[in-house]
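Below: the structure, in C-alpha cells.
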Amino acid sequence: MSTLEASPTLAPTGVVHVRRPSTLTAYRWELRKLVSQKRTYLGLGLAAILPIIFVITQNLRNVHGRDQGNIFISHITQSGLATPVLILLFLSVFMLPLIAALVAGDIVAAEDGSGTLKTILTRSVDRGQVFAAKTLAAMTYGAIAVFLSAIVATVAGVASWGFNHVITFSGSVVSAPEGLLLVFAANAVYLIPLLSVVCIGVLLSTATRNSAAAVVGTVGFTILLFIVSGIPGLESVKPYLLTEQYENWHGLLRTPTDWAPIGHSAWVCALYAVPALFAAYLVFLRRDVAGG
Amino acid sequence: MSESPPVRARGLVKRYKEVLAVDHIDLNVHAGDVYGFLGPNGAGKTTTLRMALGLIMPTEGTVELFGRDPIREGARALQGVAGFVEAPKFYPYLSARKNLELLGALDGGRAQARIPEVLEIVELSPRAEHRVGGYSHGMRQRLGIAAALLRRPRLLILDEPATGLDPAGMRDMRELIRRLANQGITVLLSSHQLPEVQELCDRVAIVDRGRVVYEGALADLRRQGGAGYRLRSTDDARALPVLRAQPGVEHAATGEHGLSFQAQEADVGALSIALGAAGVGILALTPELATLEDLFFRLTEGAGAASGDAIPVGNGHRAQEQAHEHA
C-alpha cells in the first residue's frame, strides 16, 4: 500500500450524497452474477440437451406417425412444431420446476452462507431492492430455461421433420407460422405456475438460509402436491393444486382457444405465489444477516 | 448546529434465546476519533458492529450513525459509512475489478471511476483481473479496504482489518488507517492487536461479556490505570527504604534497571525531597504508563472485571454498569 502518500483524496471533501441505485441496477448485477457462475449452466444445459436427446431418439426409432395416444406424438414426424409441444408436456411436470428451483432456492441462501449478502447490504441499496432484484433474477432464469428448451426443441424438430402445419388438441389444422406462435404462447402461459414455484423457492431460500434445503424443499413441495392429487377422496382439492396448473397451456392449443383453464390457473397460482413472496419479503427485511 | 456524532449507541442489547450477546452497550464515537473497540472473543464486539451497520436487529436500544438509525432508515443511514464486519466477503467467481464494479453500482454508480485509484492504494492493480477465489486472506483484506474507500467514507468501521496480514501488511494497514484518520475520516477499529490499537487510537471502548467496562480516552485509561515510576539513583540500596517509608508510594521494588514504584503525581514531589534529605541523588525519575495490554487484561480477566474494581476510571466511565446500578 505504498502508493498511499500519492493519494490525497481518500476522504470526502464535503458532505457526500450517494445516489441510491435503482432496483434495475441491482437486478442487472444479479443477472451478471448468475451468468458468471458455472452452476447456472447446469439447469440451462439440461433444458437445452433434453429436447436434442428427444429428437435424436425419435429419429432413431424412425416413428411414422402412428397413433400413440397423444395427437402431437402421433403427428411428431409430420411437423417439427409438434416437438416443442411434446417437450413442454414432458418437462413441465418435473424437470422445468427442478431447474427453476435450482436457482430460486439458491439465490438468497448461497449469499447468506458465503457472507456476500452482508457485503451488498452495507452499500447504498435497500433490502427491499436487493430482494426484488433477486426474485426477478430467479424468475428470469426460470423463463430463460423454459424458452431455451422451446427454442432448441423447435429448431431440432423443424430440422428433423420440417416447418409444416400442425393439428391442435381439437383436431383442427393451423398453419406453421400460427403454430409457431402458439408454441411460444403455450410456453409463456406455462410460466404462470412456474413462477409460483420460483416464489416458493425464494421463500425457502430466504427462510432456511440453506441452498440444498431450499432446492430440495421446493421440489419436495411439488412432489407432495402430486401425491395429494392422487389420493382418492381429495378430488375436490385437485383444481386448486399448483401442480394441476402445469397443464394450463393446453387451452391455447384448442380451437376455439379455451381461456378458462388459463384464467383459473392465474388466480390459483397467485394464491401460492403472493403469500410466499410476501412472507419471503418480510423475512428478508427483518432477518439478521450474520452468515459467512 | 453541531453535526450528529458518527456513532452513538444507547442501551444496545442483543439476545439470542438464552444468550445475552450484547448487554446494554452505550458507545460514543466522536468526529475525528480513531476509536478502538476492544474485547476478548465472544465479548459482543462483532455483534455490536453488525447492529451498527443494520445487519442485525437489536433486541433493545438504538444505534445512530451521524444521527440516522440504520434499522429504521436502511441504506440511507449508511451514507458516508463504509467498512466490514469479520472478514470482508466477495464473489469468488468474479475478479476484484468486477467485484468493485458491482459494489460501485450498488453505491449509485459514481464510485466506478475511483476503482483504479482504490486498487492502486491497496496494491491490487496487477491482480485486478484475477478471480477473488484465488486470492489469499491478506489480499481479500486489502480488497475489503478498497471496497470501503470506494464510498469515500466519513466513518470507517473496520473489524480486525490486520487479521491474516504479514508483518509488512500489518504495518501498511496501520499506515493506511493513520493516513485516513489524518484526512479527517473517523475510524471505528475493532482489533485484537493491542499494540496496534495503542499506537493508532485516541479513544477506546473495552467490552467484556457483552458490557462496556471502559469507554474514554486511551491516555486517561493508561494514566489512571497505573501511575508507575522508575527511579535511578546514586544509591538504590539507601533509596528503597525511603520509598517504602514515604506516604503515597506503593509497590516499591528493585528491578533490573533501578527501582520501580507507584504513586500519585502529587506524592512524587515529596518523595524527591525525602530522597535528597536522605542523601540519595536522583539520576533519573521517569513516569511509566501501563500498557494497553496490561489494562486490557486487568479489565477483562478475573473478578476485577466483573466488579469494576480493576482500575480507577476518571474521564472514562463504566457507563453500563453505573447506569444499571442507578437504574
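The values are calculated or read from the model by the stated rules, or taken from the named source; none is laboratory data. In this text, all values refer to a predicted model and were calculated from it rather than measured experimentally. All Cβ positions, even for glycine, are placed from backbone atoms using ideal geometry, and neighbour counts span all protein chains on display. What goes into the accessible areas is simple: the full protein's heavy atoms, side chains included, and nothing from ligands, DNA or RNA. Shrake-Rupley method; radii C 1.70, N 1.55, O 1.52, S 1.80 Å.
Please state the charge dipole magnitude for segment B:89-190, taken about the Cα centre, from unit charges on C-beta atoms (+1 on K and R, -1 on D and E), reported in debye and rounded to the nearest 20. Don't jump to the answer; show the numbers that get you there.
Details: 16 positive and 11 negative charges, 41 e Å.
About 200 debye.
Using a 1.4 angstrom probe and counting only protein chains, how large is the accessible area of B:Thr286 in Å², to 10?
B:Thr286 has an accessible surface of roughly 70 Å² with all protein chains in place.
I'd like the distance separating the alpha-carbon centroids of segment A:245-292 and segment B:271-299, in whole Å.
Centre-to-centre (Cα) distance: 77 Å.
With charges set only on the Cβ (+1 for Lys and Arg, -1 for Asp and Glu), what does the dipole of the protein assembly as shown come to about its Cα centre, in debye to the nearest 20? Don't jump to the answer; show the numbers that get you there.
Details: 55 positive and 53 negative charges, 326 e Å.
About 1560 debye.
If you average the alpha carbon positions of segment A:75-149 and of segment B:122-155, how far apart do those two centres end up, in angstrom?
Between the Cα centre of segment A:75-149 and that of segment B:122-155, the gap is 31 Å.
Add -39500 (n - 2.57) for each DSSP H run of 4 or more in chain B, then divide by its residues: what number comes out at 222 nm, to the nearest 500 deg cm²/dmol?
Details: 13 runs with 119 residues, N = 327.
That comes out to -10500 deg cm²/dmol.
In debye to the nearest 20, how big a dipole does chain A give about its Cα centre with +1 on each Lys and Arg Cβ and -1 on each Asp and Glu Cβ?
Details: 18 positive and 13 negative charges, 138 e Å.
About 660 debye.
Of B:Glu101, B:Glu120, which has the most accessible area with a 1.4 Å probe, and how do the rest follow in descending order? Could the numbers behind the result be given before it?
Details: B:Glu101 45, B:Glu120 90 Å².
Heavy-atom accessible area, descending, gives B:Glu120, B:Glu101.
Along the positive direction of the dipole of the protein assembly as shown (beta-carbon charges: Lys, Arg +1; Asp, Glu -1; about the Cα centre), which of B:Gln79, A:Trp161, A:Thr40 reaches farthest?
About the Cα centre, the residue reaching furthest to the positive side is A:Trp161.
So what does A:Ser236 come to for accessible area, using a 1.4 Å probe and Å² rounded to 10?
90 Å²
I'd like to know which of B:Gly108, B:Pro88, B:Leu155 lies farthest towards the positive end of the charge dipole of segment B:84-163, counting +1 on Cβ of Lys and Arg and -1 on Cβ of Asp and Glu.
Projecting each Cα onto the dipole axis, the largest value belongs to B:Gly108.
Any chance you could look up the accessible area of A:Lys238 with a 1.4 Å probe, heavy atoms only, rounded to 10 Å²?
Estimated to the nearest 10 Å², A:Lys238 gives 80 Å².
Taking the Cβ-Cβ separation of A:Tyr240 and A:Val283 as r and a Förster radius of 30 Å, what is the calculated FRET efficiency to the nearest 0.05?
Once rounded, the FRET efficiency stands at 0.75.
Report the net charge of residues surrounding A:Ala266, where surrounding means a beta-carbon distance below 15 angstrom and charges are Lys +1, Arg +1, Asp -1, Glu -1. Mind showing how you got there, number by number?
On the way: positive: none; negative: A:Glu244, A:Glu247, A:Asp258.
Counting the neighbours of A:Ala266, the net charge comes to -3.
Lysine pairs in the protein assembly as shown 8 or more apart or on different chains: how many have alpha carbons under 22 angstrom apart?
So the count works out to 18.
Can you tell me the 0 to 90 degree angle between the C-alpha axis of helix B:265-277 and the longest principal axis of chain B, rounded to 10?
30 degrees
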